[in-house]
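What follows is one structure encoded as structure tokens, with my remarks underneath.
The values are calculated or read from the model by the stated rules, or taken from the named source; none is laboratory data. Predicted model, so just to flag it, every value in this text is computed and none were measured. Every residue, glycine among them, receives a Cβ derived from its backbone with ideal geometry; neighbour counts consider all protein chains shown. Side chains included, ligands, DNA and RNA excluded: accessible areas come from the protein's heavy atoms. Shrake-Rupley method; radii C 1.70, N 1.55, O 1.52, S 1.80 Å.
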Amino acid sequence: MAKQFSILATDVDLRLLEEKLQATGDVDILSDIATDDLRNLQPLDGLEIPQSSVGKISLFCYLAPRHIPRMVVAERVSPVKVHIDLSQSQLIEFWRPYYDKRVLRPGRLYYQNRVLVHGESVDKDPAFRRWADGVMTKVRRMLHLHKEMGGYVGAHAAAEIASGKLTIVN
């Protein structure tokens, strides 16, 4: 079973979100670039994507618990591409929203709380599930649910949309 929700956030919203998550002391932000041994992911400088890098860097990153053993299952599918197996990994996938000051495309947070073992679905580690549920709750509380916009919206994104400066695209 998986848990997910969509978010609409600008670079300003992502910066604030990162500050709140880092303040918990229990969230590492990781890139989608695996280490050479495929056992971990390289750290990411931050959630915000600088406007000079929009469209040039990956929107995908991962949130990982800092205080429980990290479990990353990755497979190299080409010399330059790695697949992160979320069904086996203990990570939250964060597909950051695309934002270029004119257009905003939703992102999402997603994780799987169960794993398939010998053909049977079983719960992942309880510590990971508690951590992931807590992070998802914190993120939802930092944003505002706007059903008409299709997800949770950051304050800056909401203001830009309301002013007509920003268009939502899917």
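Kindly provide the helix-only [θ] at 222 nm of the chain, computed as the sum of -39,500 (n - 2.57) over DSSP H runs of four or more divided by all residues, to the nearest 500 deg cm²/dmol?
Values: 3 runs with 38 residues, N = 170.
Calculated at 222 nm, the ellipticity per residue is -7000 deg cm²/dmol.
If the elastic network links every pair of Cα atoms under 10 Å, which of Leu44, Leu91, Leu116 fluctuates the most in the Gaussian network model of the chain? Among Leu44, Leu91, Leu116, the largest mean-square fluctuation in the Gaussian network model of the chain belongs to Leu116.
Consider the candidate values (1) 1.11; (2) 1.19; (3) 0.97; state which one is Rg/Rh (Cα atoms, Kirkwood Rh) computed from the structure displayed. Of the listed options (1) 1.11; (2) 1.19; (3) 0.97, (3) comes from this structure.
Could you rank the peptides 61-68, 142-149, 24-31 by their average count of other C-beta atoms within 10 Å per residue, with the highest value first?
Working: 61-68: 18.4, 142-149: 13.2, 24-31: 15.6.
Highest to lowest by the protection proxy: 61-68, 24-31, 142-149.
Other residues whose C-beta falls under 14 angstrom from the C-beta of Asp123 contribute a net charge of +2, scoring Lys and Arg +1 and Asp and Glu -1. For region 1-57, the solvent-accessible area of protein heavy atoms averages 54 Å² per residue (probe radius 1.4 Å; ligands and nucleic acids excluded). All other residues whose Cβ lies under 15 angstrom from that of His83 are scored, Lys and Arg at +1 and Asp and Glu at -1, for a net of -1. Charges on Cβ only, +1 for Lys and Arg, -1 for Asp and Glu, centred on the Cα centroid of the chain; of Val73, Thr167, Val139, which one is farthest towards the dipole's positive end? Going by the charge dipole, the pick is Thr167.
Under 1.5 on a/c is rounded, so check that first for region 1-99, then, if it is not, pick prolate when a/b is larger than b/c and oblate when it is not; a ≥ b ≥ c are the square roots of the alpha carbon gyration tensor eigenvalues. Here region 1-99 falls in the oblate category.
Nonpolar atom fraction for region 54-111, defined as the carbon and sulfur part of the 1.4 Å probe accessible area, stands at 56 percent. Solvent exposure of region 83-164 amounts to 50 Å² per residue of accessible area, where only protein heavy atoms count and the probe is 1.4 Å. In the Gaussian network model of the chain, springs joining C-alpha atoms below 10 Å, which of Gln51, Gln88, Gln42 carries the largest mean-square fluctuation? Comparing Gln51, Gln88, Gln42 in a Gaussian network model of the chain, the most mobile one is Gln51.
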